[in-house]
1. Calculate, for residue 408 and residue 222, the FRET efficiency according to 1/(1 + (r/R0)^6) with r their C-beta to C-beta distance and R0 30 Å; round to the nearest 0.05.
2. Taking only protein heavy atoms into account and a 1.4 Å probe, give the accessible area per residue of the chain in Å².
3. Gain in length, residue 28 to residue 279, computed as 0.36 nm per residue apart minus the alpha-carbon separation, to one decimal in nm?
4. Kindly identify region 307-377 as rounded, prolate or oblate by the Cα gyration tensor criterion: order the square roots of the eigenvalues as a ≥ b ≥ c, call it rounded if a/c is under 1.5, otherwise compare a/b with b/c, prolate if a/b is larger, else oblate.
5. What length, rounded to one decimal in nm, is gained on full extension from residue 373 through to residue 215, with 0.36 nm per residue of separation minus their alpha-carbon distance?
6. Based on DSSP H runs of at least 4 residues, each adding -39500 (n - 2.57), what is the mean residue ellipticity at 222 nm of the chain after dividing by all its residues, to the nearest 500 deg cm²/dmol?
7. I need the trypsin sites (Lys or Arg not before Pro) found in region 367-473, filtered to DSSP loop residues with at most 14 other beta carbons within 10 Å of theirs.
8. Once you have the Cα-Cα distance between residue 156 and residue 87, take 0.36 nm times their residue separation minus that, and quote the gain in nm to one decimal.
Amino acid sequence: MKNSVHFDIGHWPDLWQAVLRLLEQTVVPNQLQAWIHPLEFIESEGIGNGLRIKMLSPNDFSAQWVRDHYLKAIEAALTQIVGSPCDLVLKVAEASESETQPLSPLDIQEGQSNFQTIQILGGIAQDSLSGSKAPYDKPDVRYTFENFVVGASNQFAYASAVAVAEQPARQYNPLFLYSPPGLGKTHLLHAIGNRLMVQHPKARVAYLSAEKFVNELIDSLQHRRMSQFRAKYREGFDMILIDDIQFIAGKNTSEEEFFHTFNALHSSKRQIVVTSDRLPKEIEGLEERVRTRFEWGLIADISPPEIETRIAILKTKAERDDIYLPDDVATFLASYIKSNVRELEGILIRLQAQASLSGAEISLEMAKHELKTAITEEGSQFTIESIQGAVAKHYHLKLADLKSTSRIRSVALPRQIAMYLIRKYTGIGFKEIGLYFGGKDHTTILHACSKIEAGMEGDPEIRDAVEVIQNLL
Ligand code: ADP
Ligand code: MG
């Protein structure tokens, strides 16, 4: 900005039209429309043998986006049309955060190096932009596409997840993954984020559970920080991965907020991926408009893996953890544990522990023994004790309370939920369950199970509690 020499650039609108035509060759039309068309010319000034052009961007967010994604390309196009080196400076109307906290020019330059390949993504929104320094969770690096075993049961979900990671916000937005528990939804969700970050290290990817979204929302409401919350989730990320979205169903404020968050993300072409334990239309209490949004995109399910996939999963895990796992053992375990990969992993860990404790190698004999104890003892996630423990923990009760005869609701309801879950997950008879609750009559258990079953249909309080406890398991 030293010597401001007057520099004649001719008729700006014509020049800009020419620049836009050049940009059309590298920038997809809706991106051009969304980010570059809205820029307005302010002024130009001569600098050395070149030109500095100042333009106005409608807001901080879009200014930052353009700086991160299109600055180099626009400068190159200007340079080509004008015939002298041009640089572009973006201003934002009104005093704004971007002026008080400028991005380091270095950051901007680095982010531009592979501009041609980045149409949408790559480090937007620094914290000042989102108005929030709130921490967020990045994907867990342990879950990748590379260590996800693909078979017929999960092939479609896998391919959809890869497509979304490689070409975010293009074809499949949102991506909705669903399956019963333990089949790899969370794994794929993290894998999407990890793949994206490998390809675009500056991309801001948030992973969170729907429960966390709800809790953070409540906290923000309570502490009057809604504008920060909104800025964070509506503007702060290139991709948002939300696990177990069914959790927001029936929570009106959360659904409302999620709906607007979704719209903001979707309309600014940022990718949303959610998982659920069931189809959108099967999520009870979910608002119609939210359900419709989910159905806009791609819905992919995962079914329980076939025996070959189960064996392959076991072998992959064994190899990764350097566990010696004979073929006959892998086949044996895979033929017994059919519907949940998490349990498959659990038994492998138990076996490994057993092998290293006893100093013996893993054998079929050992596997049979461990499987039996895992099923009957605390090893399995769905034992009587673990369910009672989870319920007690959730309600801050003592185990003795659960087994007591107290009829106050704050004790009786948790007790009934525990009975219901035990019946559901262990299939043990009503009479036997009674024994684990201080010797209650089988009709008491029967009554509890049907009451909670009905509650799962019509009572959000019961349904939510059961869901949270299932997650604890
Ligand atoms: P969900 O979210 O569907 O309940 P998770 O993603 O938590 O299931 O999966 C449970 C465990 O099983 C995780 O440790 C995950 O890594 C593993 N897993 C599930 N499916 C596969 C697969 N196809 N290949 C490798 N590991 C898998
Ligand atoms: Mg999960």
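The values are calculated or read from the model by the stated rules, or taken from the named source; none is laboratory data. Model, not experiment: these values are computed from the prediction. Cβ sites come from the backbone with ideal geometry, for glycine too, and all protein chains shown count toward neighbours. Accessible surface is based on the protein model in full, side chains and every heavy atom, while ligands, DNA and RNA are left aside. Shrake-Rupley method; radii C 1.70, N 1.55, O 1.52, S 1.80 Å.
1. Values: r = 28 Å, r/R0 = 0.94.
That pair, residue 408 with residue 222, gives E of 0.60.
2. Numbers: 22510 Å² over 473 residues.
Each residue of the chain exposes 48 Å² on average to a 1.4 Å probe.
3. On the way: separation 251, 0.36 × 251 = 90.36 nm, distance 3.26 nm.
Length gained, residue 28 through residue 279: 87.1 nm.
4. Details: a/c = 1.59, a/b = 1.16, b/c = 1.36.
Since a/c reaches 1.5 but b/c is at least a/b, the shape of region 307-377 is classed as oblate.
5. Details: separation 158, 0.36 × 158 = 56.88 nm, distance 3.76 nm.
Computed gain between residue 373 and residue 215 is 53.1 nm.
6. Numbers: 22 runs with 250 residues, N = 473.
The helix-only estimate for the chain comes to -16000 deg cm²/dmol at 222 nm.
7. Values: sites: 368, 372, 393, 398, 403, 407, 409, 415, 423, 424, 431, 440, 451, 463; in loops: 398, 407, 440.
Filter output for region 367-473: 398, 407.
8. Working: separation 69, 0.36 × 69 = 24.84 nm, distance 4.58 nm.
Full extension of this stretch gives 20.3 nm more.
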